[in-house]
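The structure appears below as C-alpha cells.
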Amino acid sequence: MQQSKTKILFVCLGNICRSPLAETIMNDLLEKRGLQDFYSVDSAGIIDYHEGERADYRMRCHASFRGYDITHLSRPVQKSDFEKFDLIIGMDNQNVRDLQSLAETEQQRDKIQKMTIYCPEFNRDTVPDPYYGGDAGFELVINMLEKGCANLIDALEQQRKEE
C-alpha cells in the first residue's frame, strides 16, 4: 500500500529569500537521503508583492556557492494551503502570527510551526530576513536553514518510523 507523502510548506514574507531557500535545501537533503518519495515540499509568502518572480538575486548567488539552485517562483499563501499541507513552517514570529490569522480552524492552526524550533543550535528566535542586509545575513540564513532542514527531516523520519 502506498503511503501518502507528508506535505511541507515553508513561509516567509515575500517568498524570495528564506522560504524558497528552505524549499530548495529540504528537497536537496531529501534527495541525498533517498527520501524524496515520502515528502512534498513547497514555499510561499505572506504577501503577493513578488508573485511570479524568481528568488532574490543575492540569495540565488549565495545559495549557488553552496551548490543550491533555487528555481521556485514566488507565490502567496492560499487558503487552500491549510488543507493541502501537513506542516506549515514560518520563518519568524510575524510570519507565524500572519499564518495563524489566515487559518480558519484549530486543526489548521495546529499545522503551523516556527523554523527555529528545528535549529536551536543558533539560539535565535527567528530566521532573520536578509533582504535589507549584507552578505553575512544571507550566509547566516543558509547556515540556519541547512541545519534546520536536516533536523526537521530527522524529526519527521523518527515520527514516520514510529507510525
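Could you list Ser43, Ser64, Ser19 so that the one with the fewest beta carbons within 10 Å of its beta carbon is first and the one with the most is last? Working shown, then result.
Working: Ser43 27, Ser64 11, Ser19 31.
With the fewest neighbours first, Ser43, Ser64, Ser19 line up as Ser64, Ser43, Ser19.
Skipping prolines and chain starts, which residues have an amide H placed within reach, meaning under 5 Å, of the one on Ser40, given they are 5 or more residues away or on another chain?
Thr6, Lys7, Ile8
Counting other beta carbons within 10 Å of each residue's own, what order do Cys119, Cys17 fall into, fewest first? Intermediate results must be reported in sequence, preceding the final value.
Details: Cys119 20, Cys17 30.
Ordered from fewest to most neighbouring Cβ atoms within 10 Å, Cys119, Cys17 come out as Cys119, Cys17.
What trypsin sites (Lys or Arg not before Pro) does the range 124-163 have in DSSP loop regions with at most 10 other beta carbons within 10 Å? Walk me through the intermediate numbers first.
Details: sites: Arg124, Lys147, Arg160, Lys161; in loops: Arg124.
Counting only loop positions with at most 10 other Cβ atoms within 10 Å, none of the trypsin sites (Lys or Arg not before Pro) in the range 124-163 qualifies.
Bin width 5 Å, origin at 0, all Cα-Cα pairs of the range 6-162: what percent of pairs per bin?
So the P(r) values, bin by bin, are 2, 10, 20, 24, 23, 14, 6, 1, 0.
Could you pull out the chymotrypsin sites (Phe, Trp or Tyr not before Pro) across the range 1-105 that fall in loop regions by DSSP (anything but H, G, I, E, B) with no more than 13 other Cβ atoms inside 10 Å?
Working: sites: Phe10, Phe38, Tyr39, Tyr49, Tyr57, Phe65, Tyr68, Phe82, Phe85; in loops: Phe38, Tyr49, Tyr68, Phe85.
The qualifying sites are Tyr49.
About the Cα centre, and with charges only on the beta carbon of Lys, Arg (+1) and Asp, Glu (-1), how big is the dipole of the chain? Nearest 20 debye, please. Please report the intermediate quantities before stating the final value.
Numbers: 20 positive and 28 negative charges, 25 e Å.
Using only the charged Cβ atoms, the result is roughly 120 debye.
What are the ³J(HN,Hα) couplings of the range 66-78, residue after residue, when phi is run through the Karplus curve with 6.51, -1.76, 1.60 and θ = phi - 60°? Round to Hz, x for glycine and proline.
9, x, 9, 10, 7, 10, 4, 9, 4, 8, x, 4, 10
Which of Val41, Thr71, Phe85 sits closest to the plus end of the dipole of the chain, meaning its Cα is farthest towards the positive end, when Lys and Arg get +1 and Asp and Glu get -1 on the C-beta?
Working it through, the farthest residue towards the positive pole turns out to be Thr71.
Note down the relative contact order for the range 20-163 as a percent, whole number, built from C-alpha pairs under 8 angstrom at least six residues apart.
Values: 166 pairs, mean separation 34.0, N = 144.
It rounds to 24 percent for the range 20-163.
Could you please state, rounded to a whole Å, how far the C-alpha centre of the range 106-126 is from the C-alpha centre of the range 10-67?
17
Every number in this text was worked out from the coordinates using simple rules, so none of it is lab data. In this text, all values refer to a predicted model and were calculated from it rather than measured experimentally. Positions of Cβ are generated from backbone atoms using ideal geometry, with glycine treated the same way; all protein chains shown enter the neighbour counts.
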